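Notes for the one structure printed next.
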Amino acid sequence: MNEQAPISRDERVKKLEGLGSSRKRVEDVRFTQGAGNYVDDIKLDGMLFGDFVRSPYGHARIKSINTEAALAVPGVLAVITAADLKPLNLHYMPTLAGDVQAVLAEEKVLFQGQEVAFVVATDRYAAADGVELVEVDYDELPVINDAFKAMDDDAPVLREDIQDKMEGAHGTRKHHNHIFNWQEGDKEGTEKALAEADVVVEEMITYHRVHPCPLETCGSVASMDPITGKLTVWGTFQAPHVVRTVAALITDIPEHKIRIISPDIGGGFGNKVGVYPGYICSIVASIVTGKPVKWVEDRIENLMATAFARDYHMTGKLSATKDGKITGLSAHVLADHGAFDACADPTKFPAGFFHIVTGSYDIPVAHVSVDGVYTNKAPGGVAYRCSFRVTEAAYLIERMIDILARKLDMDPAEIRMKNFIKKEQFPYNSALGWEYDSGDYHTALEQALKAVNYDDLRAEQTENRAAFERGETRSLMGIGVAFFTEIVGAGPVKNCDILGLGMFDSCEIRIHPTGSATVRLGTISQGQGHATTFAQIVASEIGIPAEAITLEEGDTDTAPYGLGTYGSRSTPVAGAATAMAARKIRAKAQMIAAYMLEVHEGDLEWDIDRFQVKGNPELHKTMVEIAFAAYSLAVPGLEPGLEAVSYYDPPNMTYPFGAYISVVDIDVDTGVADVRKFYALDDCGTRINPMVIEGQIHGGLTEALAIVMGQDISYDKHGNITGGSLMDFFLPTAVETPTWETDFTVTPSPHHPIGAKGVGESPNVGGVPALSNAVHDAFAHKGLTHTQMPHDHWRVWKTAQSLGLTG
Amino acid sequence: MQKLDIKMNINGADVEVNVDSRTLLIHILREELNITGPHIGCDTTHCGACTVDLDGKSVKACTIFAGQANGTTIKTIEGMANADGTLHALQAAFKDNHGLQCGFCTPGMIVRAYRLLKENPNPTETEIRYGISGNLCRCTGYQNIVKSIQVAATELSQQEAAE
Ligand code: FES
Ligand code: FES
C-alpha cells in the first residue's frame, strides 16, 4: 500500500512537525477563545466557598477565637479552627523540606497573613462577611524580621512546637531559631587558597525576598463523594502526584481513592509546587459538609502567604592570582526561611543546588556553608523560575567575579574568558562535586561579544563618562556581562528525592490502530506548551505527525506517576522518558515491519516515518501501516497492540548555559535605569521548538527585570509586610519591558536521549546578574563595589547621591 | 441587602439577572452567567485579566458593580470570533505569533487590544505598549503580544480596504 506519488524526504520530515520545528501551539485555540479551564472556572453542584481569617500580626499568641457572630451570618455553614483539626491530626502538615507547617494556627501566629480560621459559606461574599466577624484575641509578641538577629542569645523562640527538638531534618540545630547547617566542599583547602592568594575580594551580597506571582493565584476545589468515599481535588498543582501522596499521608485516605487534577494553570514559576493550608482546608471542609468546596486566594493573600523565593544573604570570598586566575571560592549563606521550613528542594539538599556556585569557571577549590533560620515571615523558599537555589548561586558568583575584575582592573568579559572551563574539560568535575555534562563557554561568549559589538560599547561608555564629567549629560551608561551555568533536570533517583519519592518522571504512549497516538506524562504544563512540544518529541521518534498526537497530563487517575514540573525538569526528565517510551514503540514496530516485509529485523533501517529494507527503500512500511498491523496481524512471538511506558531515571543533571549582555542608561538625578539593550545567548542543547524557547526566554528575562528593578517582599519592624499587593509589588508592564534579543548555540547533552537540556528558567538565572552588573558597572568608575537589589529608582538615586553625583 | 434586576446585552444576547447591589460585574459574569473567559488576577485593579468591552470602552470588570452595568452592551472574549465562527484577526494573530503562554491574561489582553485598534487602527509599537499597559502578563514579556497586535492591525486594515 505504498504511496502512489512518493513525496520527498524533506516533505516527510516537515509533515511530522517534529524536533526543531516552530510548531504553533495546539493549546492556543482554546485559550484565545476564553475556553481555558482554570481552577476558578470550575463550578460543581452545591459548591461552597472557603475563605481565611488571617493573622494581622507578625508574631502573637492567640488567646481566644470566637466564631459565634460569623456563624450567624446567612450563608455561613462552618468555621474551622485548629481546635477542629487537632483531633484529626491535621492542624499541622508535613512540608517538602522535612519540617511541619501549621494548617491553621493553634497557639501562636508566626507571620502576618498566617491562616487562623477557615470560613465555609454558600458564596464568596457570605464567606467574606464571615471572615470579618470571626473575633480573634491576640497578645503581640516581639518580632524577628532580620535573619541576622534570629540566632541572638535573647531572640524570642519562634517555633515552640519544636523548641525541644534539636535534631532537625538536616542535622543538629544550634539555636532554637536555627533550622540547619549544610556544607559542601573543602574547607581547609579553601582557607589555604584564600590565605595564599595575591588578591581576595569579599562581599556580603543579598538576594532579596521576592515572589513568583503568577497571574493566576493558588486555589483548589475539593469534592468528597460521600457514597464512594472518593476524594477529587482540582487545584493549581505543579506536582499533582506529590500532592496525592501528601494528601494520602495526612488524611489516611488511601491513594487510589484520591484523584488529583491540575486543570489549566495560569502560570506557576514555582509558586504552585508547595502544599498550602488552603488545599487542606478545602478538603477537610468538603469532608465535613459533604459538599464540594472551593478555595481561591486573592492576590494579597498570594503575595503574603504562599511561597516566596530567595531571601539569601551570601558572603562570598573569591581569591585570584594578580593576573586574574581564580584560585578559590568560599561562600557562607544565611538563609531566611520564614516561619516554617517549606522550601521546595530535593530532600537531601536543604540549600538546593546552591553548590553550583562555582558557576562556569574552573575554580580549583571551594567551600560553601549554609545556615537556615526561622523568622516571622511567610514560609516558602521556592525556585522562582529557576532550579533550586541556582539563581542565588549564579548571582553570587557573577557579582563576585565582576568585583574581582574591578579590583584587578580587568574587563569583566576578559576575566570570564580567562577562567572558563574549557571545552575539552567536559565532562567536568567541579570542586563542589557536580559533573557538568557538556559546554562550550568560550564560543558562546565570543559570539555574544561580537553580536553586541562589545568593544564599541565600551568605547561609547568611555565617551559617555567623559561627557558626564564635562557636564554635558546627566546619564551614565552601564554594561552588564553575565555568564551562567544552570543545573536542571532533577534528578537522578540515587541522590534526588522529595519526601522519599525519587525524582524520576514518566511517559506512557498508546498508538491507536489508525496511526494516531495518546501520550500521557507525569508532568504538568503551566504555559510551557507541553501539549505542543512533547508531541514533537514523539513525532520525531516514531514518525507520526505531531498533529495526530494528543498529550494528556495532570490527572493522577490517568497519568503515570511523576514528580511534576518545576526546576526546568520537564524537558530533561519527562522529555527523556517520552523519547525512551517512543523508542520502545519503535523497537516493537521494527519486529512487526520485519514480519510484514518478510525480512530479518536486522535488514531494516528507520527512515523518518518508516522502516525500509536497507539498500531497497522502495520496500518499506510506514508507522501508520505498522500501527494497524499491530492490532490486526498475528505476529508470531509478539503480543498484539502498540503501547509503551517509560519511567526515566536520569543518569545526571543537565547543564544549560548562556551569555547575557545588557546595556542600561541611568539618569543620576531620578535614579531611573533604562534598559537600552539586552542580548541573551542561550545554549539549552537540542532545541525542540525554537518559537516556544524564545517565548520562554522573553518571559524569564522580564521576570529578571522585575526582580532586579523593583520586586521586594519586605517587612517593617512590626512584622508588617510592605510589598504585599500589586500596589507595591513590581510587575513590569509592556512599557517598562524592553525588546529582548535572543541568540543561541547548541551543545547537546551527551546523556539525554535527544540531547535537550531545558530552558524555561535560564533567563531568570542569567538575567538577574546581567542587569544588576550593568547597574553596578554604570557607577564602577566612581568606586561602587556593590549595592543590594532591588535597583529601584529610589535606591539607585541614593547610590548616585552617596557617590556625590546628584545635583 | 438591596437586590437589583439588571439587563445587559452580552456578546449579542440579551440577559436579565437579579443581583445583590454589592456584587461586582466580574463575579456575575463568571459565576452567574458562566462567562469564564474574563479572569481575576488581582484585587487592586492592576492586572486587567478581567477586561471586558463595555459600551465601547475597555473596562476592568472587577472594578465595577454589576448594577452599574445595567443597560450596557458588553463584549467578552467569548464574543470575539467573527460572525462566521472563524477567529477574529487578533485571536488568530495571538495564536500564530505565540502571543500567549499560560493563557490567563489572554482574554483580557485581546479584548483590550480590540478596543485599542478601534481607537487607533494603525498604532506604533510605543502606542501599543502604552495602550496595553493596564494589562499585565507574567509569561510572555509582552514582545510577542506586541507583535501579535501589530500583525492583527495590518490584517484588519487589509480586511477593511477589501470591503
Ligand atoms: S482582576 Fe486585576 S484588574 Fe481586574
Ligand atoms: S500568558 Fe500567562 S500571564 Fe500572559
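The values are calculated or read from the model by the stated rules, or taken from the named source; none is laboratory data. This one's a predicted model, so the numbers in the text were calculated from it and none came from an experiment. Counting neighbours? That spans all protein chains shown, and the Cβs are built from the backbone with ideal geometry, glycine included.
Among residues of the range A:231-251 being part of a loop (DSSP other than H, G, I, E, B) and touching a helix residue (DSSP H, G or I) at 6+ places or on another chain (Cβ under 9 Å), the one that is modelled with the lowest pLDDT is A:PHE237.
Would you please name the residue that is nearest to B:SER148 (Cα to Cα), looking only at residues in the range B:75-99 that are under 15 Å from the mean Cα position of the chain (by Cα), buried (at least 22 other Cβ atoms within 10 Å of the Cβ) and within 7 Å of chain A (Cβ to nearest Cβ)? Going through the qualifying residues, I end up with B:PHE94. Of the residues that sit in the range B:100-123 and are free of Cβ contacts under 8 Å to residues at least 40 places away in the same chain, part of a helix (DSSP H, G or I) and at the interface with chain A (Cβ under 8 Å from one of its Cβ atoms), which one is nearest to B:GLY56 (Cα to Cα)? Here the answer is B:ILE110.
Checked against the criterion of being touching a Phe, Trp or Tyr at 6+ places or on another chain (Cβ under 9 Å) and under 19 Å from A:GLU297 (Cβ atoms), the candidates A:GLY130, A:GLY50 yield just one match: A:GLY50. Residues in the range A:651-661: is at least one within 16 Å of ligand 2 (Cβ to nearest atom) and closer than 23 Å to A:GLN536 by Cβ? No.
Within the range B:124-141, being part of a helix (DSSP H, G or I) and not acidic (Asp, Glu) holds for B:THR126, B:ILE128, B:ARG129, B:TYR130, B:GLY131.
The condition (being more than 16 Å from ligand 1 (Cβ to nearest atom) and either out of contact with any strand residue (DSSP E or B) (no Cβ under 6 Å at 6 or more places or on another chain) or modelled with pLDDT of 95 or more (or both)) is satisfied by just one residue among B:MET80, B:MET109: B:MET80.
Take B:ILE132 and tell me if it is buried (at least 17 other Cβ atoms within 10 Å of the Cβ), assigned by TED's automatic domain parsing to the domain that holds B:MET8, within 16 Å of ligand 1 (Cβ to nearest atom) and under 15 Å from the mean Cα position of the chain (by Cα). Here the answer is no, as B:ILE132 does not meet what is asked.
Working only within the range A:371-383, note down all residues that are closer than 16 Å to A:PHE354 by Cα, in contact with a strand residue (DSSP E or B) (Cβ under 6 Å, 6 or more places away or on another chain) and buried (at least 24 other Cβ atoms within 10 Å of the Cβ). Those that are closer than 16 Å to A:PHE354 by Cα, in contact with a strand residue (DSSP E or B) (Cβ under 6 Å, 6 or more places away or on another chain) and buried (at least 24 other Cβ atoms within 10 Å of the Cβ): A:GLY372, A:VAL382. I'd like to check something: does the range A:277-297 contain any residue that is within 16 Å of ligand 1 (Cβ to nearest atom) and either at pLDDT 95 or above or touching a Phe, Trp or Tyr at 6+ places or on another chain (Cβ under 6 Å) (or both)? Yes. When the residues of the range A:120-150 are filtered to those that are touching a His at 6+ places or on another chain (Cβ under 9 Å) and of a type in the set (A, V, I, L, M), the one that is nearest to the other protein chains (Cβ to nearest Cβ) is A:VAL143. Please go through the range B:48-75 and pick out each residue that is assigned to a loop (DSSP other than H, G, I, E, B) and either within 13 Å of ligand 1 (Cβ to nearest atom) or free of Cβ contacts under 8 Å to residues at least 12 places away in the same chain (or both). Within the range B:48-75, B:GLY48, B:ALA49, B:CYS50, B:ILE64 qualify. Filtered by the rule that a residue be surrounded by 23 or more Cβ atoms within 10 Å (Cβ to Cβ), in a loop (DSSP other than H, G, I, E, B) and in contact (Cβ under 8 Å) with a residue 60 or more places away in the chain, the range A:488-524 gives A:GLY489, A:ALA490, A:GLY491, A:CYS496, A:MET503, A:PHE504, A:GLY522, A:ILE524.
All conditions but one from (1) surrounded by fewer than 21 Cβ atoms within 10 Å (Cβ to Cβ); (2) without any contact (Cβ under 8 Å) to a residue 60 or more places away in the chain; (3) within 14 Å of ligand 1 (Cβ to nearest atom); (4) within 13 Å of another protein chain (Cβ to nearest Cβ) apply to B:GLU127; the one that does not is (3). For the range B:37-73: of the residues being within 16 Å of ligand 2 (Cβ to nearest atom) and among the β-branched types (Val, Ile, Thr), which is nearest to the chain's Cα centre (by Cα)? The residue in question is B:THR51. Inspect all residues belonging to the range B:24-35 and state whether any of them is facing chain A (nearest Cβ under 10 Å), touching a residue at least 40 places away in the same chain (Cβ under 8 Å), hydrophobic (A, V, I, L, M, F, W, C) and away from ligand 1 (no atom under 14 Å from the Cβ). Yes, some residue in the range B:24-35 is facing chain A (nearest Cβ under 10 Å), touching a residue at least 40 places away in the same chain (Cβ under 8 Å), hydrophobic (A, V, I, L, M, F, W, C) and away from ligand 1 (no atom under 14 Å from the Cβ). Scanning the range B:142-163 turns up one or more residues that are part of a loop (DSSP other than H, G, I, E, B) and more than 10 Å from every other protein chain (Cβ to nearest Cβ).
Checked against (1) away from chain A (no Cβ under 14 Å); (2) crowded, with 21+ Cβ neighbours inside 10 Å, B:THR72 passes all but condition (2). In the range A:668-686, is there at least one residue being crowded, with 22+ Cβ neighbours inside 10 Å, within 14 Å of another protein chain (Cβ to nearest Cβ) and in a helix (DSSP H, G or I)? The answer is no, given that none of the residues of the range A:668-686 is crowded, with 22+ Cβ neighbours inside 10 Å, within 14 Å of another protein chain (Cβ to nearest Cβ) and in a helix (DSSP H, G or I). For the range A:122-230, please list each of the strands (runs of 3 or more DSSP E) lying entirely inside it that holds at least 1 residues being aliphatic (A, V, I, L, M), crowded, with 22+ Cβ neighbours inside 10 Å and touching a residue at least 12 places away in the same chain (Cβ under 8 Å). Fully inside the range A:122-230 and qualifying: A:178-185, A:199-210, A:219-224. Meeting the requirement of 2 or more residues that are farther than 23 Å from A:VAL143 by Cβ, in the same structural domain as A:VAL481 (by TED's automatic domain parsing) and not hydroxyl-bearing (Ser, Thr, Tyr), the strands (runs of 3 or more DSSP E) wholly within the range A:308-409 are A:308-320, A:326-336, A:366-373.
Against the condition more than 15 Å from ligand 1 (Cβ to nearest atom), in contact with a helix residue (DSSP H, G or I) (Cβ under 8 Å, 6 or more places away or on another chain), of a type outside the set (Lys, Arg) and within 8 Å of chain A (Cβ to nearest Cβ), how does B:ASP20 come out, does it pass? Judged against the criteria, B:ASP20 is a match.
Here the range A:452-487 is the region considered, the condition is being among the polar types (S, T, N, Q) and assigned to a loop (DSSP other than H, G, I, E, B), and the residue that is surrounded by the most Cβ atoms within 10 Å (Cβ to Cβ) is A:THR473. The residue list A:ALA383, A:ALA393, A:ALA342 contains one member that is touching a helix residue (DSSP H, G or I) at 6+ places or on another chain (Cβ under 7 Å) and of a type in the set (Gly, Ala, Ser), which is A:ALA393. Residues to consider are A:ALA342, A:ALA335, A:ALA383, A:ALA320; find the one that is within 23 Å of A:PRO769 (Cβ to Cβ) and modelled with pLDDT under 95. The conditions single out A:ALA383.
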